[in-house]
Every structure is written in structure tokens, then in C-alpha cells.
Amino acid sequence: MNILLVEDNPTKQGEIMCILEKEYNHLMKIDCVSHLEKAQELISIKQYDLYILDFSIRSKDHDSSIDYGIALYDYINEKQELNKIIGYSEFDNILNKRKDIIETIPFIPYSSRDDIWKNKFKDLISEYISKNNIIIDTVYDIVVVTALDDEFKYMKEASNTNWYSNKNVEEDLFNFYTTRLVNAHGETANVVAYTMNEMGMSYASALAIKMLINFMPKYLVMTGICAGFEGKTKKGDIIIPGAIFNYQSGDIREKGDFTPLYKIKEIDQKVNKIIRIIEAEYSYGRQIRDEWSKKYPTEKVAGRDQKIHINKSFGTGSAVVKDGKILKEIQEKNVKDLIGLDMEAYSVMIAKEFADENNPVVPLVIKAVQDFANKEKDKTYRNFSSYASARYFFKLCEDKLISEINKS
């Protein structure tokens, strides 16, 4: 169900979004706009099932006025879609201007002094859905997966949103979590996330494919920690691979000699372009470190020399690596730009190949360095790296990705 919410007051907007999220658990796609012209623009190019309008809104260049809400009402009337409107405002304001409006559409007199309007609003939404036989489908734009619970914990923290437990998939024993991201333009993206709480490619592949089948997202994203190449990376560095491969794929000869046969999967070029723009225009590293230090002042944080590594090669294998020589050996086998290793990332690239051709998915892996794949297996940076990888992704969403999703 696609909804356009027109509201220029952040408090009222938040109240309405909270009602819809609690009642329908992110099963609606909601675009939020704050002024007349943006609402008209979206209505001209997109199809909506319902318009929720505050009649006291602003225009692009002027303060709030009941006149702009009425202008939007008339614009929707031209499209012969008055039957899709639920309106609200201070009752006297609209009554004095256009009595015909409150006689034509469901209208709620808003008051900040009590919650009566909220109950009326819930009833009207429920009545509208029932009357129009609208099926509330699960529409998710992004699936996020992590390997372990602690990575999942910091992934949710990094979103700066409220997450809701959601078991809306029939006969599914897994407990998914959902949230809604909103960018500065009021555009939204629905997110569903789950952790397998188990390391390894087989678990990750099964989960990723399961998520694609159940939710048919536009993006499949993995965040969390990884091992970095010592000398090329520092602990806390963020890695966004341009190519991912299974470094254990190959032939074992009679004498036990291993001949690698790497099937390299490359990142989607559209996402690659967005990340390059982000790298050039935004200082995410500093922002992420500052945010982390405020939230967790006693925890380890990356230094000022933290780097974001993009478009390098990244290896995935089925075992925990505790020998730094492994990275060098893989590098010597024709992967000169190898930057790091993990146990799950390749599964995201594999899952893409099992997606419905009518619903293609874009895979994306963002990891941060915890250790250097040696016997020390230092976990000092584990929490920061779990957070940093996810926070980079959510900032990417805020600045570019949500807008891309809303274009399609």
C-alpha cells in the first residue's frame, strides 16, 4: 500500500508515522513531504493508494497556510482521486474556508491537547483499507544480514531508528526485524533484517536466498566485521569490495597441491558509481568516529588515519583464519589487490543469481576490519567495526540510496 503523507510539522509527522508503524508494522510504503510543490510533483509521477493531508501546510517559499492545503486538495480533485484522501487540521480553520471539503472527505479535527484524533485516525485508516479491499503486502526495499548477534546489535544501533519484531511470514520460525529509513527529502525505504548467528558461507547463502524469496528486495546488504590485510589496512578501516571470490574454490591434485579456480563476482556498477560519489563528497569516517565516541565513550575507536577502501578484491572462505600467511598466499595467486577476508560475503553475491529475474536484486557488502587474520585474533575493535560498517551503509542510504530506490 503506497501512501503520501503531507505534513510540514515534524512532531505531527512523527505522530502519524508512529501510528502507522505500530498498527501495520512497516507493511506500508510511505512518502513524507512538507510542502505543496513537492506533493504535486510526486502525485504527478507516482500512483498512491491513499493521501493523508494536513490542510495547514507550507509552500516552497511561504509559511504554512490553509490555502496551500486547499490548493493541494483541488489538485487531487483534478485527478478525480478525492476518494483517496483522509484530511486533518484545526477544525475551525478549514470550516471557515471551505465547508464543502469536510463534507466530501473523511476529516479529523486535530488537537495537540488530547489523543482523541489518534483513535479517529486509526479507525479511518482501518475503515479505508476494508472498504477498498486493499491487501497489505509486505514491501521491503532492503534486506540487511549479519553473521552474528553482536554484529546485528550494532547494526540496529547504527540505523538510529526504531526496530520492530516482525513474524509476518507465514509459518516462519525466524524472528525478523523491520524499520523504515527516511532521508532529508522525506523519501522512505523499508528495511528487513535478520542475523543467522552462525558463521560460514553455507548458513549465509541459505539465509540470503531465503530473504530474497520471502521479501523480494531491491538491495541485499551484509555488514559486520572482517580480517584486513596487514600493511594495507588498519583496524577499524571500512572495506567495500569491488569484487568478491571464494578463495577455497579450486582443484586438489594427487600430491595435495591446490590449484585455485576463483570465480570472481563484481559489485553492481550503479552502486559502485554511488559509492565513488560518496567517497569524493562526504567525510563519513570522521562522522562515524564522532558518533561512536559520543554513544560509547569507553569503547575503542579507530584513529584519524582510518580509511575507506573501495573497489578492492575480497576473499571468503569456510574457516577462521589465524595465519597471516594465508592472505599473502592468496594475493600471490593472481589477486594482487586483495584487501581482506571473511566467512560470509561471497554468499550475498551467490544469492543474487537465485533472485527472480523479474525482481533483480543488487548485492552490497560493507565490512570493517577487526583483525589481521593472525593467531592473535584481537577483538578490541570488534564492536566499533560492527557499528562502523553498518553506519556507513545507513549514511549511504540517507545521502543517496533512498533517493535511488524511490526513482524506480
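Overview of values
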item: Candidates Tyr68, Tyr75, Tyr51, Tyr154, filtered to the one that is among the aromatic types (Phe, Trp, Tyr) and either modelled with pLDDT under 90 or under 30 Å from Ser205 (Cβ atoms) (or both); result: Tyr154
item: Residue list for region 352-379, restricted to those being within 19 Å of Leu401 (Cβ to Cβ) and either in contact with a strand residue (DSSP E or B) (Cβ under 6 Å, 6 or more places away or on another chain) or assigned to a helix (DSSP H, G or I) (or both); result: Lys352, Val361, Val362, Pro363, Leu364, Val365, Ile366, Lys367, Ala368
item: Those residues of region 1-40 which are of a type in the set (Lys, Arg) and either under 18 Å from the mean Cα position of the chain (by Cα) or not assigned by TED's automatic domain parsing to the domain that holds Leu53 (or both), in sequence order; result: Lys29
item: Output for region 32-46, where each listed residue is within 21 Å of Ile16 (Cα to Cα) and in a loop (DSSP other than H, G, I, E, B); result: Ser34
item: Of all residues making up region 231-284, the number that are charged (D, E, K, R), in a loop (DSSP other than H, G, I, E, B) and modelled with pLDDT under 90; result: 6
item: Residues (of a type in the set (Lys, Arg) and at pLDDT 90 or above) located in region 54-65; result: Arg58
item: Matching residues, region 107-126, being over 14 Å from Ser56 (Cα atoms) and part of a loop (DSSP other than H, G, I, E, B); result: Ser112, Arg113, Asp114, Asp115
item: Of all residues making up region 17-44, the number that are out of contact with any strand residue (DSSP E or B) (no Cβ under 6 Å at 6 or more places or on another chain) and modelled with pLDDT under 90; result: 10
item: Residues being farther than 23 Å from Ile66 by Cβ and of a type in the set (Ser, Thr, Tyr) - total across region 90-135; result: 3
item: Residues located in region 300-317, provided they are touching a residue at least 24 places away in the same chain (Cβ under 8 Å) and exposed (fewer than 14 other Cβ atoms within 10 Å of the Cβ); result: Gly303, Asp305
item: Test result for Glu187, modelled with pLDDT of 85 or more and of a type in the set (Asp, Glu); result: yes
item: Gly285 surrounded by fewer than 24 Cβ atoms within 10 Å (Cβ to Cβ), without any contact (Cβ under 8 Å) to a residue 40 or more places away in the chain, over 26 Å from Asp356 (Cβ atoms) and among the small types (Gly, Ala, Ser); result: no
item: Residue within region 380-402 that is over 20 Å from the mean Cα position of the chain (by Cα), part of a loop (DSSP other than H, G, I, E, B) and surrounded by fewer than 19 Cβ atoms within 10 Å (Cβ to Cβ) present; result: yes
item: Filtered residues of region 349-360 (kept if surrounded by fewer than 24 Cβ atoms within 10 Å (Cβ to Cβ) and either aliphatic (A, V, I, L, M) or not assigned by TED's automatic domain parsing to the domain that holds Gly200 (or both)); result: Ile350, Ala355
item: Among (1) surrounded by 21 or more Cβ atoms within 10 Å (Cβ to Cβ); (2) modelled with pLDDT under 85; (3) out of contact with any Asp or Glu (no Cβ under 8 Å at 6 or more places or on another chain), the one test that Val143 misses; result: (2)
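The values are calculated or read from the model by the stated rules, or taken from the named source; none is laboratory data. All of these numbers come straight from a predicted model, not from anything done at the bench. In this analysis, Cβ positions are derived from the backbone assuming ideal geometry, glycine residues included, and neighbour counts consider all displayed protein chains.
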